[in-house]
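Engineer: Can you keep this structure in mind? I'll have questions shortly.
The values are calculated or read from the model by the stated rules, or taken from the named source; none is laboratory data. Here the structure is a predicted model, which means the values were calculated and not measured. Neighbour counts run over all protein chains shown; Cβ positions are idealised from the backbone, glycine included.
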Amino acid sequence: GQTGGDQANNANNANKSNGASSAGSLEEIKQRGTLRIGVFSDKPPFGYVDANGQNQGFDVEIARRFAKDLLGDESKVEFVLVEAANRVPYLESNKVDIIMANFTVTEERKQKVDFANPYMKVALGIVSPDGALITSIDQLQGKKVIVNKGTTAQDYLTKNHPDLELLKYDQNTEAFEALKDGRGAALAHDNTEVLAWAKSNPGFTVGVPTLGSTDTIAPAVKKGDTELLNWINQELAELAKENFVKQAYEKTLLPVYGDDVKPEELIVEGGKL
Amino acid sequence: MCEQRSFAEWTEREAGMNLNWEFILQNIPLYEKAAWLTLKLAFGGTLFSLLLGLICSVIMYYRIPLLKTIMGGYIELSRNTPLLIQVYFLYFGLPKLGVTLSETTCAILGLSFLGGSYMAEALRGGMEAVSKSQIESGLSLGLSRWQLIRYVVFPQAFSFSIPALGANCIFLLKETSVLGAIAILDLMNVTKDLIGMYYQTVESLLMLVVSYLIILLPLSLFLTWLERKVRYAEFGP
Amino acid sequence: MLNSALEMLFTSQNIVRLLEGLLVTIRIAFIAILISACTGIAFGLLMTMKSKLIKVLCRLYLEAFRIIPVLVWLFIGYFGITSVFNIHLEGEVIVIIVFILWGTAEMGDIVRGALESLPRHQSDSGKALGLSFGQLYRYVLIPQAVRRMLPATINLATRMVKTTSLAVLIGVVEILKVGQQIIENARFTVPTASFWIYGLIFMLYFIMCYPLSRLAKRLEAKWSS
Amino acid sequence: MSSEQREILLAIKDLHKEYGGKPVLKGIDLQVRRGEVIVVLGPSGCGKSTLLRCLNGLEPIQKGDILLSGQSLIRGKVDWGQIRQQIGMVFQNYDLFPHMTVLENILLGPTKVQNRERSQVMEQAKALLERVGLFDRIDAWPRELSGGQKQRIAIVRALCMNPEIMLFDEVTASLDPEMVREVLDVMLGLAKQGMTMIIVTHEMGFAQAVADRVVFMDSGNICEIAGPQEFFNNPRTERAKQFLNIFQY
Amino acid sequence: MSSEQREILLAIKDLHKEYGGKPVLKGIDLQVRRGEVIVVLGPSGCGKSTLLRCLNGLEPIQKGDILLSGQSLIRGKVDWGQIRQQIGMVFQNYDLFPHMTVLENILLGPTKVQNRERSQVMEQAKALLERVGLFDRIDAWPRELSGGQKQRIAIVRALCMNPEIMLFDEVTASLDPEMVREVLDVMLGLAKQGMTMIIVTHEMGFAQAVADRVVFMDSGNICEIAGPQEFFNNPRTERAKQFLNIFQY
Ligand SMILES: Nc1ncnc2c1ncn2[C@@H]1O[C@H](COP(=O)(O)OP(=O)(O)OP(=O)(O)O)[C@@H](O)[C@H]1O
Ligand SMILES: Nc1ncnc2c1ncn2[C@@H]1O[C@H](COP(=O)(O)OP(=O)(O)OP(=O)(O)O)[C@@H](O)[C@H]1O
Ligand SMILES: [Mg+2]
Ligand SMILES: [Mg+2]
């Protein structure tokens, strides 16, 4: 459950875990008995809430496994729903222990948080309606491009194509909805994301499958929390032995991507590129 | 000396108070643009609200049947629902019925829908504050119904309404802050953007507050002055 | 179209989740209104003090909340405070705190207005009877002020209920957020979901606020005569 | 020429008026000759104000007739805008329009309703202001005037329409004694100049001084009509005696 | 025992009062003996209300002294709560507390300030209400009363504190003549029973009937103190003559 009684707990813990150094964070998590992980609630198939209010998705699969291996029970994870723009503040203010919300590793973010080893590869992609398919970024001149606030897509377009007019939304839901309502010529986002979305939305195609450099997606922890960071890296290495990330892929992403996409293009096993 | 340094350290480390001035200067144009947009939207919204409110208030004052019921329903709907939901509905809901309106249209429509009822109540309050004896002395001078409205009721009603109308202007200006939710690049949205991209939280928030102060403080002072002046006119020195 | 919308709501947990979201909304509003009614009265009394300094400070506090939109305060509370002080507070807690601060300011002004609108000869005749300062407030001024400020207070409560909708913008999972999750989930099955869900939430807010504003109007009409 | 021989300017015949079924005027008969000053007296709530309001068409009546210069104000199609120009009225509350200066207040009716030449009305306004001693306040705002001054301006405003008859409803009721005097002096002056007037007042000394006839009303009826000397020194009805006693200590 | 021989209850000595630098009372000297009725007359704005408000401590004074039963109300530590119990005051506006019934209005002071037994105060309240003819309105709300009734209740409320002296500030100024009479009759009754009173009024007939001495004030000074017959028939000062002329037509 993402709401309700847990919150009171968190507020208490906050006071204890104040301060810059988070030495002993593993100990603290164990004492608390729950692992708080920030995930998306509206970004299927990576992180979303299903019709019964349950968190689901690729990130969520891995997050559950973390909890199981750290605390012995996968129900001991507490999912905190985050949005693209508040992932850093959530870590900084100790609202979560780990962010696993499709968090792309960038230079700016590295200044603020510590990234563990990656579990996924990503580049940007642009999806647009079949009727007016955008196959190159140059076609977007003078048109509106939809992005999600606080994502690498916004970051990339703002810095590299400052002349493009961006329509920025807080939430994924809203951004894709806006594309469907024809409010912009195209939508730029992680290619994993747009590929998945175009798959399940007939009439839309990813005309630009890779844009910019390939980045990685990794769990992030609060700056300086090396103890938790090391544990995650170790854990990812452990999981590689049973190909857990691949399993998670098959469970959550395969139904969406089908066989068009090779899993190796997307996932990173064992934290090693 | 030593203490000073430790305080500086504290602010830097604990409070993150060493502001990134470069970042602030860099982004001033962004805020300036957003401030103009905010003003433009508020102005448009206020204008249409006034128009809508005027029509509404006259209908309510004269108790025109049917129209009065419709306007009454509108006023209740508009006053008892949040603007955020109103614009969400206009922006994301209506396209499902085939009506797709642009961000700006939705914003101004939403502001007017909300503001219309507030303006109507303000104007109607003013009209009803014109005393019955004023109307009767107008009548006993032989003024026709229209002349009565034109020369006696309206000038007074308007000055009675000024404080409420002014408060509504500020209210609408402040309400524009939720329009970021439908991708309007207003002050709020720009701030959220900068926080999300560069994580310069304190700087961005500071600029946001300063922008609102620059816009709203003079307006609020002006309205206080105007209100006092009007009240002076009403009751004398 | 309506059928599929109804189906979306009533199969699975959706309607229950929406109502749970509504509960969060109501909880925020209720706690904030209750507390700020009390603190507001204290603040209002403070504002009627003769001291210039207190007057100026109160005015500054009030104007800060009058001039800067509540949403901005929410952001300051949510992003600003946490990033400056490293305090961890839930979104919901922040909303409640900001609402209480805001409500105290507005409520205080209502109380001040009500007290100052009492005719001066009311306190004169109380004093002429020999009532002490405390007795004057206790028996004469406050009971009368309460009647005068009740409609405005209820209106403030309505405004606070309406403003809870902003909580979603700082990540509180309340009715609007739940609605958005449902819309996301139903994007293949019910493409028109956003129309129905936003429409429904619109009506839910109306159902919460309308009785309140009716009550305020009734009281106003009753006591103005 | 004694007033008995002059033409009848206003005739009220069996006037009935109800407020929501409650009778307030129960058959009033009264004839006012040109140049006559009628003072209406009576206890509070007896219907004095209501009577004046009916004469000016501010209240619809249920039965009876009112004739101004022989022409009915009730039967047929009545142009009240036209009639009200002939009937000036001043109320208890100082009802100057607060958003207009003294001069604008006075000019409004003559220029907008009667479409008279502004300059010509201005002449008249100045003369009248001179007469009530307020010429220097011509550009003042109502809020800058005392109560007594406001009432004098209100009288000028009504006079400037050149009415046939003036109605005064307790115009001094909320004034201080000195201001009361200012206003009553203006009315005494008008009476001397032959203005036809119906005056409702509680100032007994003034009533005695100004009235040609006193009309005493009680609960919607006229109880007694008499000359002022007769009425004040020797009232015929018991009710009138009782009423006058109030003012004796 | 003529009033000249009775003890001095209230002594006002060289009282000065300013509002923001503007002098409003410029040295008032007056002695009131027990059982005496003083009527204060004077044009509007001359400082009558201000004088009464100073006596009751509602306004701070700048110079001079006020002695009640020989004890200063100005020098040293003054317990106004205590003193105000001995000085009853009734104002022009009907100042009943609108959220309390007639009885609650009357009981408030005696029970909360004087801590007297409720049942005992009730006895007294009933007797007083009986005397002003309002016993049947004991449970009414102020809004259900006419202006005259409200003022009579306000008088009872003040009397129920068993004050040494009563101050009345134009208590009939906004009443209809009949109600004026009701209220003045109550005050006449009080005077007969020997209550010490200072009365500000514009009712000349009443003033003449009730006063032991008339105090005429003009612009912050006392111009004339005289017996009522003497003052009304033969005023000494020019200003008083002028003032009295206002009431003659
Ligand atoms: N608009 C109204 N609706 C209902 N009743 C009314 C209205 N106006 C007056 N009345 C009633 O009609 C009666 C006569 O009122 P009116 O004002 O004519 O009395 P009045 O003689 O002028 O008294 P006063 O001396 O107090 O002015 C009163 O009983 C009053 O309550
Ligand atoms: N609170 C105040 N602040 C400033 N000036 C005041 C105040 N109260 C009264 N005054 C002034 O003091 C003077 C005396 O006022 P006061 O009310 O005592 O007169 P009054 O004799 O009672 O007149 P009235 O017969 O109109 O009641 C007036 O000139 C008035 O303007
Ligand atoms: Mg009347
Ligand atoms: Mg006075």
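Engineer: Taking region D:193-215 on its own, how many of its residues are within 15 Å of ligand 1 (Cβ to nearest atom) and either assigned to a loop (DSSP other than H, G, I, E, B) or touching a Gly at 6+ places or on another chain (Cβ under 6 Å) (or both)?
Structural biologist: Going through region D:193-215 one residue at a time, the tally reaches 3.
Engineer: Among the helices (runs of 4 or more DSSP H) lying completely within region B:1-80, list those that include at least 1 residues that are modelled with pLDDT of 85 or more and within 14 Å of chain C (Cβ to nearest Cβ).
Structural biologist: Counting at least 1 such residues, we get B:21-62, B:67-79.
Engineer: It is to be established whether one or more residues within region E:223-241 are over 26 Å from D:HIS202 (Cβ atoms), within 16 Å of ligand 2 (Cβ to nearest atom) and in a strand (DSSP E or B).
Structural biologist: yes
Engineer: Does B:GLY142 meet the test of being more than 26 Å from the chain's Cα centre (by Cα), away from chain A (no Cβ under 14 Å) and not in a helix (DSSP H, G or I)?
Structural biologist: For B:GLY142, the condition - more than 26 Å from the chain's Cα centre (by Cα), away from chain A (no Cβ under 14 Å) and not in a helix (DSSP H, G or I) - is met.
Engineer: Which of the numbered conditions does E:SER72 fail, given that it passes all the others? Conditions: (1) over 18 Å from the mean Cα position of the chain (by Cα); (2) farther than 26 Å from E:ASN221 by Cα.
Structural biologist: Tallying (1) over 18 Å from the mean Cα position of the chain (by Cα); (2) farther than 26 Å from E:ASN221 by Cα, E:SER72 fails exactly one: (2).
Engineer: Out of region A:246-273, which residues are part of a loop (DSSP other than H, G, I, E, B) and touching a Gly at 6+ places or on another chain (Cβ under 7 Å)?
Structural biologist: Listed by number, the list is empty, since nothing qualifies.
Engineer: While we're here: Does region C:187-205 hold any residues that are farther than 22 Å from C:LEU23 by Cβ and among the hydrophobic types (A, V, I, L, M, F, W, C), and which are they?
Structural biologist: Hits for region C:187-205 are C:PHE188, C:VAL190, C:PHE195.
Engineer: Let me spell it out: the conditions are (1) modelled with pLDDT of 90 or more; (2) surrounded by 18 or more Cβ atoms within 10 Å (Cβ to Cβ), and A:VAL88 meets all of them except one. Which number is the exception?
Structural biologist: Status for A:VAL88: all satisfied but (1).
Engineer: Still on this structure, I have one more. Condition first: small (Gly, Ala, Ser), part of a helix (DSSP H, G or I) and more than 30 Å from D:ASP79 (Cβ to Cβ). Can you find one or more residues in region B:169-179 that meet it?
Structural biologist: Yes, region B:169-179 contains a residue that is small (Gly, Ala, Ser), part of a helix (DSSP H, G or I) and more than 30 Å from D:ASP79 (Cβ to Cβ).
Engineer: Would a scan of region C:191-213 turn up a residue that is surrounded by fewer than 24 Cβ atoms within 10 Å (Cβ to Cβ), free of Cβ contacts under 8 Å to residues at least 12 places away in the same chain, within 8 Å of chain B (Cβ to nearest Cβ) and assigned to a loop (DSSP other than H, G, I, E, B)?
Structural biologist: Within region C:191-213, one or more residues are surrounded by fewer than 24 Cβ atoms within 10 Å (Cβ to Cβ), free of Cβ contacts under 8 Å to residues at least 12 places away in the same chain, within 8 Å of chain B (Cβ to nearest Cβ) and assigned to a loop (DSSP other than H, G, I, E, B).
Engineer: Turning to a different aspect of this structure: Looking only at region E:169-190, filter to residues that are acidic (Asp, Glu) and within 16 Å of ligand 1 (Cβ to nearest atom); which one of those is surrounded by the most Cβ atoms within 10 Å (Cβ to Cβ)?
Structural biologist: Filtering region E:169-190 for residues that are acidic (Asp, Glu) and within 16 Å of ligand 1 (Cβ to nearest atom), the one surrounded by the most Cβ atoms within 10 Å (Cβ to Cβ) comes out as E:GLU182.
Engineer: Of everything in region E:145-172, what is within 16 Å of ligand 2 (Cβ to nearest atom) and either over 12 Å from E:MET89 (Cα atoms) or hydrophobic (A, V, I, L, M, F, W, C) (or both)? Give them in sequence order.
Structural biologist: E:LEU167, E:PHE168, E:VAL171, E:THR172 - these are the residues of region E:145-172 that are within 16 Å of ligand 2 (Cβ to nearest atom) and either over 12 Å from E:MET89 (Cα atoms) or hydrophobic (A, V, I, L, M, F, W, C) (or both).
Engineer: Pairs under 6 Å by beta carbon, first residue closer than 24 Å to A:GLU174 by Cβ in region B:169-182, partner of a type in the set (Phe, Trp, Tyr) and surrounded by fewer than 24 Cβ atoms within 10 Å (Cβ to Cβ), six or more apart or different chains?
Structural biologist: If the second residue must be of a type in the set (Phe, Trp, Tyr) and surrounded by fewer than 24 Cβ atoms within 10 Å (Cβ to Cβ), no pairs are left.
Engineer: Counting only residues that are among the hydroxyl-bearing types (Ser, Thr, Tyr) and assigned to a helix (DSSP H, G or I), how many does region E:167-185 have?
Structural biologist: 0
Engineer: Turning to a different aspect of this structure: Given the criterion under 17 Å from the mean Cα position of the chain (by Cα) and without any contact (Cβ under 8 Å) to a residue 40 or more places away in the chain, identify the matching residue among C:ILE35, C:ILE110, C:ILE97.
Structural biologist: Of the residues listed, the single one that is under 17 Å from the mean Cα position of the chain (by Cα) and without any contact (Cβ under 8 Å) to a residue 40 or more places away in the chain is C:ILE97.
Engineer: For region E:1-38, give me the residue count where each residue is within 11 Å of E:ILE222 (Cβ to Cβ) and not in a strand (DSSP E or B).
Structural biologist: Number of matching residues: 0.
Engineer: Filter region A:34-55 for residues that are more than 19 Å from A:PHE176 (Cα to Cα) and either more than 10 Å from every other protein chain (Cβ to nearest Cβ) or part of a strand (DSSP E or B) (or both) and give the result.
Structural biologist: Listed by number, the residues that qualify are A:THR34, A:LEU35, A:ARG36, A:ILE37, A:GLY38, A:ASN55.
Engineer: Which count do you get for residues in region E:22-77 that are within 16 Å of ligand 2 (Cβ to nearest atom) and of a type in the set (S, T, N, Q)?
Structural biologist: Of the residues in region E:22-77, 5 are within 16 Å of ligand 2 (Cβ to nearest atom) and of a type in the set (S, T, N, Q).
Engineer: Also, quick follow-up: Could you run through region E:139-166 and say how many residues are of a type in the set (A, V, I, L, M), more than 24 Å from D:SER44 (Cβ to Cβ) and in a loop (DSSP other than H, G, I, E, B)?
Structural biologist: So the answer is 1.
Engineer: Quick one: in region D:222-238, of everything that is surrounded by 18 or more Cβ atoms within 10 Å (Cβ to Cβ) and over 19 Å from the mean Cα position of the chain (by Cα), which residue is nearest to the other protein chains (Cβ to nearest Cβ)?
Structural biologist: D:PHE232
Engineer: Another question about this same structure. Return yes when E:LEU41 is buried (at least 19 other Cβ atoms within 10 Å of the Cβ) and within 15 Å of E:PRO60 (Cα to Cα) and no when it is not.
Structural biologist: No; evaluated as a whole, the condition is false for this residue.
Engineer: Next question. Right, E:ALA125: outside any loop (DSSP other than H, G, I, E, B), at pLDDT 90 or above, away from ligand 4 (no atom under 16 Å from the Cβ) and small (Gly, Ala, Ser) or not?
Structural biologist: yes
Engineer: Still on this structure: Please work out which residue is farthest from ligand 4 (Cβ to nearest atom), limiting yourself to region E:74-122 and to residues that are at pLDDT below 90, assigned to a loop (DSSP other than H, G, I, E, B) and β-branched (Val, Ile, Thr).
Structural biologist: E:VAL78
Engineer: Failed condition for D:LYS126, given (1) within 13 Å of the chain's Cα centre (by Cα); (2) away from every other protein chain (no Cβ under 12 Å), with all others met?
Structural biologist: (1)
Engineer: While we're looking at this one, here's another question. Taking only region D:39-57 into account, find how many residues are more than 8 Å from ligand 1 (Cβ to nearest atom), part of a helix (DSSP H, G or I) and farther than 13 Å from D:ILE199 by Cβ.
Structural biologist: So the count comes out to 1.
Engineer: Could you tell me which numbered condition D:MET217 fails, if it satisfies all but one of (1) more than 8 Å from every other protein chain (Cβ to nearest Cβ); (2) free of Cβ contacts under 8 Å to residues at least 60 places away in the same chain; (3) not small (Gly, Ala, Ser)?
Structural biologist: (2)
Engineer: Another question, then. How about region E:174-193: which of its residues are farther than 19 Å from D:LEU244 by Cα and within 9 Å of chain D (Cβ to nearest Cβ)?
Structural biologist: If the condition is that a residue be farther than 19 Å from D:LEU244 by Cα and within 9 Å of chain D (Cβ to nearest Cβ), then E:SER174 is the only one that fits.
Engineer: For region D:84-102, check the following and say yes or no: at least one residue is surrounded by fewer than 19 Cβ atoms within 10 Å (Cβ to Cβ), within 16 Å of ligand 1 (Cβ to nearest atom) and within 14 Å of chain B (Cβ to nearest Cβ).
Structural biologist: Yes, that holds for at least one residue.
Engineer: Which members of region B:199-214 meet the condition of being within 9 Å of chain C (Cβ to nearest Cβ) and either part of a helix (DSSP H, G or I) or in contact (Cβ under 8 Å) with a residue 40 or more places away in the chain (or both)?
Structural biologist: Of everything in region B:199-214, those that are within 9 Å of chain C (Cβ to nearest Cβ) and either part of a helix (DSSP H, G or I) or in contact (Cβ under 8 Å) with a residue 40 or more places away in the chain (or both) turn out to be B:THR201, B:VAL202, B:SER204, B:LEU205, B:LEU206, B:LEU208, B:VAL209, B:TYR212, B:LEU213.
Engineer: List pairs: first in region D:42-68 and within 14 Å of chain E (Cβ to nearest Cβ) and over 15 Å from D:TYR19 (Cα atoms), second of a type outside the set (A, V, I, L, M) and near ligand 1 (Cβ under 7 Å from one of its atoms), Cβ under 8 Å, 6+ apart or cross-chain?
Structural biologist: D:GLY42/D:LYS48; D:PRO43/E:ASP176; D:SER44/E:ASP176
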